[in-house]
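Participant: Starting off with a structure, shown below.
A short reminder: the numbers here are calculations on the coordinates, not readings from a lab. Everything numeric here is computed off the predicted structure, so don't read it as measured data. Don't worry about glycine lacking a Cβ; one is built from the backbone with ideal geometry, like all the others, and counts go over all protein chains shown.
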Amino acid sequence: MTSMIHIEGLSKTFTLHNQGGIQLPILDNIHLEVFAGKCTVLFGESGSGKSTLLRSLYANYLPSSGAIHVRHNGEMIDLACATSHQLLEVRRQTIGYVSQFLRVIPRVSTLDVVKQPLRDRGIENDEAESKAVELLTRLNIPERLWSLAPSTFSGGEQQRVNIARGFIQDYPILLLDEPTASLDQKNTQIVIELIQETLAKNTAVVGIFHDADVREALADHVFDVSANHLQPKVKIA
Ligand SMILES: Nc1ncnc2c1ncn2[C@@H]1O[C@H](COP(=O)(O)OP(=O)(O)OP(=O)(O)O)[C@@H](O)[C@H]1O
C-alpha cells in the first residue's frame with residue numbers, strides 16, 4: 001500500500017487574539033497514516049477537532065507542532081514547512097477538498113464554478129465543460145440552473161455543485177467535509193458511488209461523515225480524533 005499522508009505528532013492550539021490571547025488546544029500529538037485507494041474516516045464527538053484536522057491537511061491551518069507529510073509528485077513534502085508556491089501546486093495537482101459549504105463568487109455561473117479546477121490546469125474549455133455537464137447531470141442539478149450563480153441555490157443544490165467541482169478532477173488525495181450533510185437519500189447514494197469510483201482509481205480519501213450508513217458504506221479505517229486512535233472499519237452507531 002502506498003502511503004499518501006503521514007502525520008507525525010501533529011498538535012494544533014488556536015490563540016484567540018481578540019479575546020485576551022486565550023489558548024485553545026484542539027489537536028494533541030496526532031499520528032496517522034493514510035493510504036492510496038483507502039477511505040479513512042475521521043470520527044469523534046462534536047468539537048473534537050475533525051474539521052480542524054481536515055483543514056490542517058489542506059494547509060488551511062498551520063500546525064502548532066508536528067509534521068504533515070504528503071506525497072506530491074512522487075515525493076513526501078511536509079505541509080508545515082512548504083513554501084506558498086509548493087502549497088498552491090499541492091492544491092492544484094495533489095489534494096482536492098470538498099468543504100461543507102460552497103464558497104460562492106457572485107456572478108460566476110454554476111458551470112464555470114464546476115469546471116474551474118480543470119481550466120486552472122490548462123484543460124480546454126470544451127473538455128472541461130463536458131465533464132462539468134456530466135457531473136451536474138449525475139448529481140441531479142437541473143439544466144435551467146447551470147447558467148446561474150449558485151448563491152441563490154438551496155443548501156442541497158449548493159452542496160452538490162461543490163461536490164461536482166471537487167470530483168471534476170482525479171486528485172491523488174481527496175478531503176471531504178460532510179459531503180452528504182444536506183442531501184436526500186437518493187443524492188447521498190450518488191455521492192457514495194462517486195466516492196467509491198474515486199477510491200477504485202486509487203485516490204486516498206479522508207472524510208468526515210456524520211451519517212452512520214455513509215461511514216459503513218465507505219470506511220476502510222476509522223480514526224477517532226478524540227482518542228487519537230486508528231482502527232480498522234468497525235460498525236459505529
Ligand atoms: N479558527 C478557529 N479559531 C478558534 N477556534 C477554533 C477555530 N476552528 C475551530 N476552533 C475550535 O476548535 C474546536 C474543534 O472544532 P472543529 O470544527 O474542528 O470540531 P469538529 O470535531 O469538526 O466538530 P463538529 O462535529 O461539531 O463539526 C471547537 O471548539 C472550535 O470552536
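Participant: Quick check: anything in region 106-113 in contact with an Asp or Glu (Cβ under 7 Å, 6 or more places away or on another chain), surrounded by fewer than 16 Cβ atoms within 10 Å (Cβ to Cβ) and part of a helix (DSSP H, G or I)? Before the answer, list the steps.
Facilitator: Step one: list which residues in region 106-113 are in contact with an Asp or Glu (Cβ under 7 Å, 6 or more places away or on another chain), which gives 111.
Now narrow it down to the ones that are surrounded by fewer than 16 Cβ atoms within 10 Å (Cβ to Cβ): none.
Checking region 106-113: not a single residue is in contact with an Asp or Glu (Cβ under 7 Å, 6 or more places away or on another chain), surrounded by fewer than 16 Cβ atoms within 10 Å (Cβ to Cβ) and part of a helix (DSSP H, G or I).
Participant: If you don't mind, there's one more thing I want to ask. Could you list, in sequence order, the residues of region 20-29 that are under 13 Å from ASP224 (Cα atoms) and either near the ligand (Cβ under 8 Å from one of its atoms) or surrounded by 21 or more Cβ atoms within 10 Å (Cβ to Cβ) (or both)?
Facilitator: LEU27
Participant: Is it true that some residue in region 7-14 is over 18 Å from the mean Cα position of the chain (by Cα), near the ligand (Cβ under 10 Å from one of its atoms), free of Cβ contacts under 8 Å to residues at least 60 places away in the same chain and not in a strand (DSSP E or B)?
Facilitator: Of all residues in region 7-14, those over 18 Å from the mean Cα position of the chain (by Cα) come to 8-14.
Now narrow it down to the ones that are near the ligand (Cβ under 10 Å from one of its atoms): 12-14.
Next, only the ones that are free of Cβ contacts under 8 Å to residues at least 60 places away in the same chain stay: 12-14.
Narrowing further to those that are not in a strand (DSSP E or B): none.
Looking through region 7-14, none of the residues is over 18 Å from the mean Cα position of the chain (by Cα), near the ligand (Cβ under 10 Å from one of its atoms), free of Cβ contacts under 8 Å to residues at least 60 places away in the same chain and not in a strand (DSSP E or B).
Participant: Follow-up question, since we're still on this one. With the requirement that a residue be of a type in the set (Asp, Glu) and part of a loop (DSSP other than H, G, I, E, B), what does region 114-147 give you? Give the derivation first.
Facilitator: If we filter region 114-147 for residues that are of a type in the set (Asp, Glu), which is where we start, we get 120, 124, 126-127, 129, 134, 143.
Matches in region 114-147: GLU124 only.
Participant: Does region 214-225 contain at least one residue that is among the hydrophobic types (A, V, I, L, M, F, W, C), closer than 28 Å to HIS6 by Cβ and assigned to a strand (DSSP E or B)? Outline the logic, then answer.
Facilitator: Of the residues in region 214-225, the ones among the hydrophobic types (A, V, I, L, M, F, W, C) are 214, 217-219, 222-223, 225.
Next, only the ones that are closer than 28 Å to HIS6 by Cβ stay: 214, 217-219, 222-223, 225.
If we keep only those that are assigned to a strand (DSSP E or B) too, we end up with 222-223.
Looking for residues that are among the hydrophobic types (A, V, I, L, M, F, W, C), closer than 28 Å to HIS6 by Cβ and assigned to a strand (DSSP E or B), one finds at least one in region 214-225, hence yes.
Participant: In region 25-69, which residues are under 17 Å from VAL98 (Cβ atoms) and among the hydrophobic types (A, V, I, L, M, F, W, C)?
Facilitator: Correct list: VAL34, CYS39, VAL41, LEU42, LEU53, LEU54, LEU57, ALA59.
Participant: Would you pick out the residues in region 170-198 that are touching a residue at least 60 places away in the same chain (Cβ under 8 Å) and out of contact with any helix residue (DSSP H, G or I) (no Cβ under 8 Å at 6 or more places or on another chain)?
Facilitator: Pass one, region 170-198, residues touching a residue at least 60 places away in the same chain (Cβ under 8 Å): 171-179, 181, 195.
Scanning region 170-198 gives a single hit, GLU178.
Participant: For region 150-168, indicate whether the set of residues that are within 16 Å of the ligand (Cβ to nearest atom), among the small types (Gly, Ala, Ser) and surrounded by fewer than 22 Cβ atoms within 10 Å (Cβ to Cβ) is non-empty.
Facilitator: Step one: list which residues in region 150-168 are within 16 Å of the ligand (Cβ to nearest atom), which gives 155, 159.
Next, only the ones that are among the small types (Gly, Ala, Ser) stay: 155.
Still in the running and surrounded by fewer than 22 Cβ atoms within 10 Å (Cβ to Cβ): 155.
Checked region 150-168: at least one residue is within 16 Å of the ligand (Cβ to nearest atom), among the small types (Gly, Ala, Ser) and surrounded by fewer than 22 Cβ atoms within 10 Å (Cβ to Cβ).
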